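A short write-up of the structure that comes next.
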Protein chains: 2
Amino acid sequence: MVALVSKPTRVHPLRGLTPEEIKHAAAILIKVQQAKAADASKTVRFQHITLSEPPKALLMPYLDAESAGLEASDRPWVPRCARITWSHAHKQQDCESVISLDTELEVAHMDAKVAQHNGLDRDEVIAATIAILTDPNVLAEIKKFRLPENVTIQCDTWPYGTDLDSKEDDHRLIQAVIYARAPHNHPESNQYSFPIPVSPVYDPFLNQVIRIDPCATGGKDDGLKCNTVAPEIALAHLVENEYHSSLQKGGLRTDIKPLLIVQPEGPSFKVEDETRISWQKWTFRVGFNWREGMTIHDVRYDGRKVFYRLSLSEMTVPYGDPRSPQHRRQAFDLGDAGAGVTANNLSLGCDCLGAIQYFDNYLNNSVGEPVKVPNVICLHEQDNGIGWKHTNPRTDVAAITRARILVVQSIITVGNYEYIFAWQFMQNGAIEFETRATGILATSLIDAGKSSFWGNVVSPGILAANHQHLFCLRIDPMIDGVENTLIQEDTVSVPYSKQENPHGNAWKVHKTPFEKSSFADAEPQRNRVFKVVNEKKLNAISGNPVGFKIAAQPAQLLIADQRSTVRRRARFAEHHLWVTRYRDGELWAGGHWTNQSHDETEGVSDAASRCDNVRGEDIVVWQTYGLTHNPRVEDYPVMPVEIMTVTLKPADFFEKNPALDFSVLKRLSVHVGNTKYHSLQS
Amino acid sequence: MVALVSKPTRVHPLRGLTPEEIKHAAAILIKVQQAKAADASKTVRFQHITLSEPPKALLMPYLDAESAGLEASDRPWVPRCARITWSHAHKQQDCESVISLDTELEVAHMDAKVAQHNGLDRDEVIAATIAILTDPNVLAEIKKFRLPENVTIQCDTWPYGTDLDSKEDDHRLIQAVIYARAPHNHPESNQYSFPIPVSPVYDPFLNQVIRIDPCATGGKDDGLKCNTVAPEIALAHLVENEYHSSLQKGGLRTDIKPLLIVQPEGPSFKVEDETRISWQKWTFRVGFNWREGMTIHDVRYDGRKVFYRLSLSEMTVPYGDPRSPQHRRQAFDLGDAGAGVTANNLSLGCDCLGAIQYFDNYLNNSVGEPVKVPNVICLHEQDNGIGWKHTNPRTDVAAITRARILVVQSIITVGNYEYIFAWQFMQNGAIEFETRATGILATSLIDAGKSSFWGNVVSPGILAANHQHLFCLRIDPMIDGVENTLIQEDTVSVPYSKQENPHGNAWKVHKTPFEKSSFADAEPQRNRVFKVVNEKKLNAISGNPVGFKIAAQPAQLLIADQRSTVRRRARFAEHHLWVTRYRDGELWAGGHWTNQSHDETEGVSDAASRCDNVRGEDIVVWQTYGLTHNPRVEDYPVMPVEIMTVTLKPADFFEKNPALDFSVLKRLSVHVGNTKYHSLQS
């Protein structure tokens, strides 16, 4: 039996690691490594130090005690562990350790196998940028394009991707994309309008450029060829195309008048114990980690259990350009980069209106020190239009409510692109996960006057490649308890018959429960709906099991060939929906090691293939959604938001519409300057 | 040659008829009829008097002159006509006349054929309600249910629907549904919780109840049978279930704090000449008629032509209960009732926040007098969240815009149900048509303890029947002119090949222009997109024809059997998209006479079957969207909004994102009471 070294912590088990805990975890790992090698502090390179969430069997009783109103000191003890992703500074080996902060022991250890790699971290990316932009061979290649002397060269660092024909991928690699700033050299100049068609490959372990790939710039008639134009004239047709307001040449609009959101009494939500949120009968915890970014835990409505954990699990962004090196381009922005690592400081941009609460968190640097990341999550309310309405035609009395929603938002910038993720809690019992895709398209050079099968010309000489965004939302339900069942409901016409359907107008709902872990696809022509229900608890009104339905737009799934690397790496994106039996730590749809992966290993397809019983069990549902993005000219130089929503909607969970108990709307006076305004209160 | 009787009017050709014009048109029709029968003023029963829009060939030059800045007096002359839907008071004959207000002549006349009927008008419905609720046979039937003495009985009047087996439908009929108020008799009591299972059939022409249909109340084991329970105990299990705030027994929430929308400088839009709206480079006209309700005309962006006319064309709401008389239940809420006739007075409910402009319009009564319908359309701006964002990772500078939208909204109440329709104009060049379905489900009685294949039990004894809502949006484009082409774009993987796709990651976009009028269906697995383009005008950047794409969620289409009356009446709802060659007056997807129709006649399926050339022609695109609604318990007693959106999005219409020219957000101070608030300006 191992003695507890530290006292049981008073931090909530779902709270991200504190700065002290990050330091503590790093120190423990170094101590553990010192037992194996003398100078561990120099050989361990920290990538990510983050909370390893407690097993559900231990956490659930704690959450139940909390929900029942017990003080933290009276709740069951829950172990506190850190998950450390790290590498050896002196050998090509990525590792992961789980460190107990209670016993100061390494309680789990995993060495990456050949062709398994951690993602890229920030320090590495900075080092790569310096090495690439000072590499004499790279500079010589760039020089061939005869750019003006004072032009600033910049580079983006992409995950190398995977090419099973090459042998390089036992090393972790970076594929750089080189751009120039516009000649005026403004720091906010949009480099994506000046792509330079050479792409250095950099090895972070060796800290050197190992190769420079040429980039194809041809059109429909050029096949996969490179060097279709002499370098000295290759860039002549490029022009600046700026997104930043200070660089708009035509001036700015002046005819948009202010619209203010004012909450004179403050917001309606309450935040306690740092991360526990309550609002309009909902309670939940907000979490954060380097990989998934914002997470949602222990969601209850009026005390009833609804969801144990909600998270974006993974995403993949394959590109449709077959020309090397673009054929390898397939980002896994969570596993490769991290939605926590890339989360924006939301006070920098004006990302929401009204009364906002921000949440800080902590990441770490490569020597294991905590790094504060302020305002990476924000919380605010929004008016969402009419919630319901009925006008009684006999009295002309209109009964109406406004729908107020609570938004938990995080925004990530992954190089050129941004994603705005928002969990939206509704008064009508629904929860929506909204994704807004925006930012700047990945661009490459195309010769003057040519067009391409592989993308659209969105600015002179600028090809924006076709690509897909396929996200996987991990939904860990606890609909009145963890013993849940996934049911597929299809709406199907009934055959003509004198006994049942004499006029041909009837249909029935076919309900099929999933018995074994598996997958399923959307079928809009059958109005296919997936519901998570608790078969042991029937709705008192309808007699149906209480449940929530999962509604998403049916995305086009992976287009790449069935045998392609793209497909093998992202099996999760081959189906719209998966159901698996819950296992602690099984969080990542695309597998643990996504960077340069050959296959999705330990991802959702492996979990589903266990063929576990899932009827009336502790299940997890994984929803794949997204879009195929064949760019429009209007998506450049910065893309208007493309919005995708997954809705979790009560379906016979309540015994009536839960959003009835609102008073009628009233008017409120507001002073702006010397003028008094009457405004509707929502 | 006919002489002009009245002077050319100064009213804009798209302005709805003025009260004087309504009176004038009615008088002309009576005069025309007097030439045929002596006492025409007593024999004509007016249903609807509305603007007959001018032919496009005459209107377009007028609109172009207007757009070019010419004064009304300098624009071409456009005829002014009224369309009158009417019936003979003394014979079963519905008619339609087009009356020239310029020449005082009937310029077109149509007599309904057998089994063609106008819809129901308001005066008829009021007469029907009185006749039904005082009919001794109806009262005797109701008495059998032994309701308390003082209970108020109410009835809803439904279109009779169609049953090809019966012979009654050479008469226009009403199928009544009988309800009771809750015993407390509050005027806002929700009658839909007390359905009485007898359904009188009423003949408006005879002004009498011609039959009383019994209603089935059984469950899954009762087949199509009626009278499964003795009437004296049939209603014993019903309980009140109220939506109105003053009837909520548990009290109302008090923890939602005010959220105010304040526009201290007023709105950013401008309304001129009564109905011409300009906002953020958009200009358009808003129209209104009894049938379609709100319409949108002459949409231009920065002077460029985009859409000639946008309108909801028709909708059908078939129910899935095969038991008589429910098997006939299939509402066409535009053709049968009218989205203009049923439009709400929006000042009654608090339907929008901020600075709102309302539009009044005029309908008429059965003697041809104008009836003002105030505030049936409203106009306001909304903040729509982040419009686009990019954080420059090199400088940490976040560039971000809020998306402001302009909303033109109308809300209709059709008996128990409401629809909220909103045209939303975006700064990024897109236009969205949002439909929110809300209101109260159509209910029927179900025996205690039973459940049904045909709906869900949503309150004790209350069966909410499964139904579909299928809408058809009529999109009349003029993308840089009227010569447009519809293109279907599918995203399709490219076969493996050394020459073109050596790694299997590539795809292409297959573009298929429509040559002949036809239909098409959604295909999300091919990312199918429909674009309206002008092949004569190429985008200077991409070289593609300028265009707009039409994006809608792929709804389940009609479920009813291929041979069923439901299908025959609503061919428009058998496909997601139709393209036809423009014809003046061809506005209604479900045909002219929808009430009790046997077939969709002169609807979009007939128009498409003309096999007209549609490539580079003046085309109309019809988008079918909607939902299959198998009710949840949470949809009762009033249904949280179910939102459907059709988006018209520029696709290589502009040469860049048109929403770049915004200044950065700034803060503004607001006083509320004695406190000063700093609020973000969007």
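State yes or no: is B:ALA589 in a loop (DSSP other than H, G, I, E, B) and either within 14 Å of another protein chain (Cβ to nearest Cβ) or open to solvent by less than 30 Å² (accessible area, probe 1.4 Å) (or both)? Against the criterion (in a loop (DSSP other than H, G, I, E, B) and either within 14 Å of another protein chain (Cβ to nearest Cβ) or open to solvent by less than 30 Å² (accessible area, probe 1.4 Å) (or both)), B:ALA589 qualifies. Among the residues of region A:516-546, those identified as open to solvent by less than 40 Å² (accessible area, probe 1.4 Å) and either of a type in the set (Asp, Glu) or touching a Phe, Trp or Tyr at 6+ places or on another chain (Cβ under 6 Å) (or both) are A:VAL532, A:VAL546.
Quick check on A:PHE284: is it among the aromatic types (Phe, Trp, Tyr) and in contact with a His (Cβ under 7 Å, 6 or more places away or on another chain)?
yes
In this structure, B:ILE261 qualifies as in contact with a strand residue (DSSP E or B) (Cβ under 8 Å, 6 or more places away or on another chain), not in a loop (DSSP other than H, G, I, E, B) and not assigned by TED's automatic domain parsing to the domain that holds B:ASP333. Scanning region A:645-674 for residues that are within 7 Å of chain B (Cβ to nearest Cβ), assigned to a strand (DSSP E or B) and modelled with pLDDT under 95 yields A:LEU668, A:VAL670, A:HIS671, A:VAL672. State whether one or more residues within region A:402-417 are touching a Ser or Thr at 6+ places or on another chain (Cβ under 6 Å), more than 8 Å from chain B (Cβ to nearest Cβ) and charged (D, E, K, R). Scanning region A:402-417, I find no residue that is touching a Ser or Thr at 6+ places or on another chain (Cβ under 6 Å), more than 8 Å from chain B (Cβ to nearest Cβ) and charged (D, E, K, R), so the answer is no. For region B:208-251, enumerate the residues that are assigned to a loop (DSSP other than H, G, I, E, B), more than 10 Å from chain A (Cβ to nearest Cβ), of a type outside the set (D, E, K, R) and open to solvent by 30 Å² or more (accessible area, probe 1.4 Å). Those that are assigned to a loop (DSSP other than H, G, I, E, B), more than 10 Å from chain A (Cβ to nearest Cβ), of a type outside the set (D, E, K, R) and open to solvent by 30 Å² or more (accessible area, probe 1.4 Å): B:CYS226, B:ASN227, B:THR228, B:VAL229, B:ALA230, B:ALA236, B:HIS237, B:VAL239. The residue that is most open to solvent (accessible area, probe 1.4 Å), among those in region A:602-615 that are under 12 Å from A:PHE572 (Cβ atoms) and of a type in the set (Gly, Ala, Ser), is A:SER605. Suppose the filter is more than 30 Å from B:ALA399 (Cβ to Cβ), touching a residue at least 12 places away in the same chain (Cβ under 8 Å), open to solvent by 10 Å² or more (accessible area, probe 1.4 Å) and part of a strand (DSSP E or B); does A:ALA403 pass it? So A:ALA403 fits the description; yes. Considering region A:380-396, the residues that are within 7 Å of chain B (Cβ to nearest Cβ) and within 14 Å of B:LEU346 (Cβ to Cβ) include one that is most open to solvent (accessible area, probe 1.4 Å), namely A:ASP396. Checking the stated criteria, B:PHE471 turns out not to satisfy the condition of being open to solvent by 10 Å² or more (accessible area, probe 1.4 Å) and either aromatic (Phe, Trp, Tyr) or without any contact (Cβ under 8 Å) to a residue 60 or more places away in the chain (or both).
Of the residues screened, B:ASN344 is one that is modelled with pLDDT under 95 and either surrounded by 24 or more Cβ atoms within 10 Å (Cβ to Cβ) or within 15 Å of the chain's Cα centre (by Cα) (or both).
Remark: pairs (first residue in region B:618-644, more than 7 Å from chain A (Cβ to nearest Cβ); second residue of a type in the set (Val, Ile, Thr) and assigned to a loop (DSSP other than H, G, I, E, B); Cβ separation under 7 Å; 6+ apart in sequence or on different chains) = B:ASP618/B:VAL482.
Those residues that are buried (at least 17 other Cβ atoms within 10 Å of the Cβ), assigned to a loop (DSSP other than H, G, I, E, B) and not charged (D, E, K, R), I need them from region A:176-207; list them, please.
Residues of region A:176-207 buried (at least 17 other Cβ atoms within 10 Å of the Cβ): A:176-182, A:188-205.
With assigned to a loop (DSSP other than H, G, I, E, B) added as a condition, the list becomes A:181-182, A:188-190, A:194, A:197, A:204-205.
Across region A:176-207, the qualifying residues are A:ALA182, A:SER189, A:ASN190, A:PHE194, A:PRO197, A:PRO204, A:PHE205.
For region A:7-36, the candidate set comprises residues that are under 27 Å from A:ASP273 (Cβ atoms) and among the β-branched types (Val, Ile, Thr); within that set, the residue that is surrounded by the most Cβ atoms within 10 Å (Cβ to Cβ) is A:ILE22. If you filter region A:425-444 down to residues that are more than 10 Å from every other protein chain (Cβ to nearest Cβ) and buried (at least 23 other Cβ atoms within 10 Å of the Cβ), you find that the one that is farthest from B:PRO640 (Cα to Cα) is A:SER444.
Of all the criteria given as (1) touching a Ser or Thr at 6+ places or on another chain (Cβ under 9 Å); (2) more than 8 Å from chain A (Cβ to nearest Cβ), the one not satisfied by B:ASP584 is (1).
Provide a single number: the residues in region B:622-636 that are hydrophobic (A, V, I, L, M, F, W, C) and crowded, with 23+ Cβ neighbours inside 10 Å. Within region B:622-636, residues that are hydrophobic (A, V, I, L, M, F, W, C) and crowded, with 23+ Cβ neighbours inside 10 Å number 2. Residues in region A:352-367 include none that are outside any strand (DSSP E or B), within 14 Å of chain B (Cβ to nearest Cβ) and modelled with pLDDT of 95 or more.
Of all residue pairs spaced 6 or more apart or on separate chains, those with beta-carbon atoms under 8 Å, a first member in region B:54-66 that is not assigned by TED's automatic domain parsing to the domain that holds B:LEU587 and of a type in the set (Lys, Arg) and a second member that is modelled with pLDDT of 95 or more and open to solvent by less than 20 Å² (accessible area, probe 1.4 Å) are B:LYS56/B:TYR308. Against the conditions (1) under 24 Å from B:THR157 (Cα atoms); (2) more than 7 Å from every other protein chain (Cβ to nearest Cβ); (3) in contact with a strand residue (DSSP E or B) (Cβ under 9 Å, 6 or more places away or on another chain), B:HIS510 satisfies every one except (1). Within region B:291-302, identify whether any single residue is farther than 26 Å from B:VAL566 by Cα, of a type outside the set (Val, Ile, Thr) and within 10 Å of the chain's Cα centre (by Cα), and answer yes or no. The answer is yes; a qualifying residue exists.
The combined condition, being of a type outside the set (A, V, I, L, M), assigned by TED's automatic domain parsing to the domain that holds B:GLN330 and open to solvent by 10 Å² or more (accessible area, probe 1.4 Å), is fulfilled by B:ASP599.
Kindly state which strands (runs of 3 or more DSSP E) lie completely within region A:480-541 and contain at least 2 residues that are of a type in the set (S, T, N, Q).
Details: elements: A:483-493, A:507-513, A:518-520, A:529-538.
By residue number, A:483-493.
The residue that is farthest from the other protein chains (Cβ to nearest Cβ), among those in region B:268-282 that are buried (at least 19 other Cβ atoms within 10 Å of the Cβ) and of a type outside the set (A, V, I, L, M), is B:THR275.
Open to solvent by less than 10 Å² (accessible area, probe 1.4 Å) and modelled with pLDDT of 95 or more, is that true of A:THR512? Talk me through it step by step, then tell me what you get.
Details: open to solvent by less than 10 Å² (accessible area, probe 1.4 Å): no; modelled with pLDDT of 95 or more: yes.
No.
A:LEU105 fulfils the conditions (1) in contact with an Asp or Glu (Cβ under 9 Å, 6 or more places away or on another chain); (2) in contact (Cβ under 8 Å) with a residue 24 or more places away in the chain; (3) surrounded by fewer than 19 Cβ atoms within 10 Å (Cβ to Cβ) except for a single criterion, (1).
The values are calculated or read from the model by the stated rules, or taken from the named source; none is laboratory data. In this text, all values refer to a predicted model and were calculated from it rather than measured experimentally. When we count neighbours, we look across all protein chains shown, and the Cβ atoms used for this are built from the backbone with ideal geometry, even at glycine. The area values use the complete protein model at the heavy-atom level, side chains included, leaving out ligands, DNA and RNA. Shrake-Rupley method; radii C 1.70, N 1.55, O 1.52, S 1.80 Å.
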